[in-house]
Amino acid sequence: MSKNEMETGLLYTGKYIFTFFLISFLLLGCNDNDKITEAIDKIDISLQISRFDREFAKAQPSELSLLKKEYPYLFPAQYPDSVWIAKLKDTIQLALLREVDTEFSDFQAVEADLQLLFKHITYYFPRYNVPNIVTVTSDVDYENRIVLTDSLLLIGLDNYLGPEHKFYERISNYIALGMDKQYLVSDVASAFAKQVVPKANDRTFLAQVVYYGKELYLKDKLIPFLSEAQRIGYSEDDLDWARANEEPMWRYFIERELLFATDTKLGPRFLDPAPFSKFGLELDNESPGRIGRYLGWQIVRAFMERNTVSLQQMLGLPAEEIFKKSNYKPEK
């Protein structure tokens, strides 16, 4: 055998071995995912969903006492019955209730996704008690559209009528874009994540970025049936922009040594809801808000790909450890 033939043979063998291990790795990963999916499918939960919004809309003043008895937590004691009776007759309230009833006349699709969400939560957090779900109207209180306690989940359906709805005309466009029912179940997953993801234990920008990255990675596990855009609350165009600009954004943070900075202005610039992220560059107006959360998501994903730890273990790890062991470096 000539030297060239030997080198060709070794090269072919090397490629064969690499391909073999790559296929084996992918098959193992698929098998694990299949087992998880199968286990989740077998989980039996019974959701208790009450459409209080509809019950209130149809109620007569004489029936108010029955509603108060069934839903005492929705009727604060400091308000007399006259307040609720007036609300039953208020034209704006009646219009709001009609719009909600029209948009959510069929609740089956939302209920099916909520069922899947709580199955996934039960799989990863077996001790979790599934709450009773009550749908309400909240006078378009979008900052509290989802309220989750130990035993109760309140969903303000009037916050999910679609970004172009007439009731949202005075709401900033970047907020209204998230007021669509496609994001409802994702918002519920976020509310749960806030209960189990420990708050950042230091004031660095990196700690905040990784905190949101943990939340989004958890949502990868809890709502894999929704799109990545729905998980982060972006449009598909916004997500495409983030993917395409991941490397220059990351370079911006590294070159300016922002990761370990404690400047409180970094949150509003890159983490908080906003019409766009504030790099101070021409690309600002093209960028989606909360871009730091997207980068935190990629850091945590990279960490989980390179380290063998459970989901619960990862949630408790310090941000700096996750960052260092992630070896995160976006492609150019």
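The values are calculated or read from the model by the stated rules, or taken from the named source; none is laboratory data. Bear in mind that the values here come from a model prediction, so they are computed numbers and not experimental data. A quick note on method: Cβ atoms are made from the backbone with ideal geometry, for glycine too, and the neighbour counts reach across all protein chains shown.
Quick test for you: out of R293, R301, pick the one residue that is modelled with pLDDT of 95 or more, within 18 Å of the chain's Cα centre (by Cα), charged (D, E, K, R) and crowded, with 19+ Cβ neighbours inside 10 Å.
Working: R301 fails: crowded, with 19+ Cβ neighbours inside 10 Å.
Every option except R293 fails the conditions.
Which numbered condition in (1) crowded, with 16+ Cβ neighbours inside 10 Å; (2) under 20 Å from L116 (Cβ atoms) is the only one that R127 fails?
That leaves (1) as the condition not met.
Which helices (runs of 4 or more DSSP H) does the range 268-332 wholly contain that include 1 or more residues that are acidic (D, E)? Explain how you work it out, then say what you get.
Values: elements: 291-306, 311-316, 319-326.
Ranges flagged: 291-306, 319-326.
For the range 194-203: of the residues being not in a helix (DSSP H, G or I) and not basic (K, R), which is nearest to the chain's Cα centre (by Cα)?
Step one: filter the range 194-203 for residues not in a helix (DSSP H, G or I), giving 197-203.
Filter once more, so that each one left must be not basic (K, R): 197-198, 200-202.
Numbers: V197: 13, P198: 16, A200: 18, N201: 22, D202: 23 Å.
Only one residue tops the list, namely V197.
Say we look at the range 204-256 and pick out the residues that are among the aromatic types (F, W, Y) and in a loop (DSSP other than H, G, I, E, B); which of these is surrounded by the most Cβ atoms within 10 Å (Cβ to Cβ)?
Step one: of the range 204-256, the residues among the aromatic types (F, W, Y) are 205, 211-212, 217, 225, 234, 241, 250, 252-253.
Those left that are additionally in a loop (DSSP other than H, G, I, E, B): 225, 234.
Values: F225: 12, Y234: 24.
Only one residue fits best here, namely Y234.
Q182: in a helix (DSSP H, G or I) and more than 26 Å from D238 (Cα to Cα), yes or no? I'd like the intermediate steps shown before the answer.
Values: in a helix (DSSP H, G or I): yes; more than 26 Å from D238 (Cα to Cα): no.
No.
Out of the strands (runs of 3 or more DSSP E) lying entirely within the range 104-167, which hold 1 or more residues that are assigned by TED's automatic domain parsing to the domain that holds Y71, in contact with a His (Cβ under 6 Å, 6 or more places away or on another chain) and under 29 Å from L94 (Cα atoms)?
Numbers: elements: 132-136, 146-148, 152-156.
Ranges flagged: none.
Quick one: in the range 184-232, which of the residues that are touching a Lys or Arg at 6+ places or on another chain (Cβ under 9 Å) and of a type in the set (D, E) is nearest to A319 (Cα to Cα)?
E215
Quick check: is even one residue across the range 203-210 closer than 22 Å to F56 by Cβ and among the hydroxyl-bearing types (S, T, Y)?
The answer is no; no qualifying residue exists.
Could you check the range 104-153 and list, in sequence order, the residues that are closer than 27 Å to A176 by Cβ, touching a strand residue (DSSP E or B) at 6+ places or on another chain (Cβ under 9 Å) and free of Cβ contacts under 8 Å to residues at least 40 places away in the same chain?
S138, D141, Y142, N144, L153
Is it the case that D272 is of a type outside the set (S, T, Y) and within 23 Å of A207 (Cβ to Cβ)?
Working: of a type outside the set (S, T, Y): yes; within 23 Å of A207 (Cβ to Cβ): yes.
Here the answer is yes, as D272 does meet what is asked.
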